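Worksheet: the structure to be examined is printed underneath.
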Amino acid sequence: MRKPYFILPAPLVYVAFFLLAWVLSSIWPWPLPENPWTLFFGWMAIDASVLLMLWTAWLMLWRKTTLNPYGKPQQLLTEGPFRVTRNPIYVADTLFYMGAALLFADVWVWLFLPVVLVAVSFGVIRHEERLLMQHFGDDYRNYMNKVRRWL
């Protein structure tokens, strides 16, 4: 069996690229145009991400399955936020990144967002999907056919 490829825990991928954008912004600033709504939408995205993260974590703990992506899942969750996305925690991470990007107000952060999403999709999510397929087989395959990876 092929060993899954795993880059970094997803939150570290988001943080690493945000820090890289911050460094580049320090060297070559590329500010976004000022907009009175930027702060509002930035904080709304962060608030939504925190709520989604808490809802997902609560559900996983309530159903007694692991939050640890390296751990063995105890059951396949298909309720709550898992009805809409197979990866609500990574959707929450992305919302947080986008909210922080709006508050940071620099183009560099936005340029790295597609790179972050590709890195998380191929380096983290694919690994987790292989593990879930091993644990849950056809149940997970059916779930994958019904619910999108992101949104």
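Protection proxy ranking, highest mean first, for peptides 103-115, 50-62, 138-150: 103-115, 50-62, 138-150, where packing is the per-residue count of other beta-carbon atoms within 10 Å, averaged. For the chain, the Cβ-based charge dipole about the Cα centre amounts to some 740 debye (Lys, Arg positive; Asp, Glu negative; other atoms uncharged).
Each listed q (0.11 Å⁻¹) maps to a log10 I(q)/I(0) for the stretch 39-146, found by the Debye formula over equal Cα scatterers with no solvent: -0.40. Normalising by the residue count of the chain, find the relative contact order in percent from Cα pairs under 8 Å and 6+ residues apart. Contact order relative to length: 40 percent.
Shown for the chain are the DSSP H helices of 30 Å or more along their axis, judged by Cα atoms, with a mean Kyte-Doolittle hydropathy of at least -1.0: 37-62.
Every number in this text was worked out from the coordinates using simple rules, so none of it is lab data. These numbers were taken from a predicted model, which means no experiment stands behind them. Every residue, glycine as well, gets a Cβ built from its backbone with ideal geometry; the counts of neighbours run over all protein chains shown.
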